[in-house]
Amino acid sequence: MRSEKRLGYACQISRAQAMWQQIVELQPTIEGILPASFESCVSIGSGCSLPVAELADLTFLAGGAKIARTCTPLEAITLGLTPKLACIVSANGDHRHTLDCFDSLQTRGVFTVIITLCSDSKLAQQARASRLRSCIIYPKVDLRSNDEGFIPVVPALMLAMLVRFLQRDPISLPDQTKNLFVAALEEADKECCSPSQPWSRNITIVCTRWAKPGARDLATRIAESGLVPPLIYDAWNFYHGAYMPVAFERTKLLLMSVGRESAQLDNVRTHTPDRYVLADICAPDDGFCGGLYCVISSMVLTQKITLSHGVDPANPAIPAWGDALYTDPRPV
């Protein structure tokens, strides 16, 4: 049952911080051969895997892909997409939606990369049966525990770290990556410690490109905690009227940016009254490391937001009908 009692979310954050060096040093087992190039890519995920798929999407673009997009398994099936390469992100690799998605992609002849944490999952087994059109990436060492919460922390970070191996030459990590978790934790504390700025039940995120995986992660975690998920905009779309709920104080603003991209939000910082802004999260590094920083920030912010509303994301009150929706999926 997904409603089984699990380790509290605050403890999960502390565990992730303690294990961060192990996560940074995570090495993959890669079964199959990654394509040398990829012109069009689709990255696929659900729930807390969807933000990791967003990170994969950006990684493909940074690696030379001309077209890339992120979608859910249902979208991948019903839209009939036929990219040169697809990447399915699934921690456990056993949900019917994911398995059907893989079958659909294989029927269309799409080379499919699987990022998973379970080497013996049903998804991995299906991929091994289609070796000529698939590749599997999973960690050499599984760092997960049996008491991971409903909304995971360490597993999501492990999946995100495996994304850097999507390129034949893996994305290198700078030395300061070992301090990334602490840096994100300290910035969140600094940005969110004002008692005059209580967390609103409604949040609007304005983010830059590499910050979007973090924004998506925050929206997913808030929704799965039982609260109203944030709306997500890029700067230009926010200028086109999306600021109105902020102006009428029906939502608060959270800014999230990465490295040199941060300048894209300067116009928002200049013209938006400070009282509307809950936090301004800015990753110090560009690219993949900046995106990773924003994902960590999302996890920490989730703790602060849910705590202010008396909710533990690791153990939300899951209704029986909600559990049935997950465990008894219907075919497309």
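No value in this document is a laboratory result; all are computed from the given coordinates. The structure displayed is predicted, hence computed values, not measured ones. Every residue, glycine as well, gets a Cβ built from its backbone with ideal geometry; the counts of neighbours run over all protein chains shown.
Is one or more of the residues making up the stretch 230-243 assigned to a loop (DSSP other than H, G, I, E, B) and crowded, with 21+ Cβ neighbours inside 10 Å? Scanning the stretch 230-243 turns up at least one residue that is assigned to a loop (DSSP other than H, G, I, E, B) and crowded, with 21+ Cβ neighbours inside 10 Å. Scanning the stretch 20-60 for residues that are in contact (Cβ under 8 Å) with a residue 40 or more places away in the chain, closer than 18 Å to Gly287 by Cβ and acidic (Asp, Glu) yields a single hit, Glu54. Tell me whether the stretch 175-186 contains one or more residues that are surrounded by 18 or more Cβ atoms within 10 Å (Cβ to Cβ) and under 23 Å from Cys41 (Cβ atoms). Scanning the stretch 175-186 turns up no residue that is surrounded by 18 or more Cβ atoms within 10 Å (Cβ to Cβ) and under 23 Å from Cys41 (Cβ atoms). Residues being under 20 Å from Thr306 (Cα atoms) and hydroxyl-bearing (Ser, Thr, Tyr) are represented in the stretch 234-251 by at least one member. When the stretch 295-330 is filtered for residues that are touching a Pro at 6+ places or on another chain (Cβ under 7 Å) and under 12 Å from Pro152 (Cα atoms), only Thr302 remains.
Of the residues that sit in the stretch 302-332 and are within 23 Å of Thr204 (Cβ to Cβ) and touching a helix residue (DSSP H, G or I) at 6+ places or on another chain (Cβ under 6 Å), which one is surrounded by the fewest Cβ atoms within 10 Å (Cβ to Cβ)? Residue satisfying both the conditions and the ranking: Gln303. Scanning the stretch 251-274 for residues that are touching a residue at least 12 places away in the same chain (Cβ under 8 Å) and either of a type in the set (Lys, Arg) or over 21 Å from Ala62 (Cα atoms) (or both) yields a total of 11. Among helices (runs of 4 or more DSSP H) entirely within the stretch 116-228, having at least 2 residues that are under 30 Å from Asn267 (Cβ atoms) and either of a type outside the set (Lys, Arg) or without any contact (Cβ under 8 Å) to a residue 60 or more places away in the chain (or both) singles out 180-191, 212-224. Only one of the listed residues (Thr59, Thr72, Thr82) is among the hydroxyl-bearing types (Ser, Thr, Tyr), surrounded by fewer than 20 Cβ atoms within 10 Å (Cβ to Cβ) and closer than 27 Å to Cys294 by Cα. That residue is Thr72.
In the condition set (1) more than 25 Å from Ala223 (Cβ to Cβ); (2) touching a helix residue (DSSP H, G or I) at 6+ places or on another chain (Cβ under 7 Å), Leu85 is compliant with all but (2).
Table: residues versus (1) aliphatic (A, V, I, L, M); (2) closer than 25 Å to Val141 by Cβ.
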residue: Glu25; (1), (2): no, yes
residue: Glu31; (1), (2): no, yes
residue: Cys41; (1), (2): no, no
residue: Ala62; (1), (2): yes, no
residue: Ala76; (1), (2): yes, no
residue: Thr82; (1), (2): no, no
residue: His97; (1), (2): no, no
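Within the stretch 58-73, the set of residues being touching a helix residue (DSSP H, G or I) at 6+ places or on another chain (Cβ under 7 Å), over 17 Å from Leu162 (Cα atoms) and hydrophobic (A, V, I, L, M, F, W, C) comprises just one member, Ala68.
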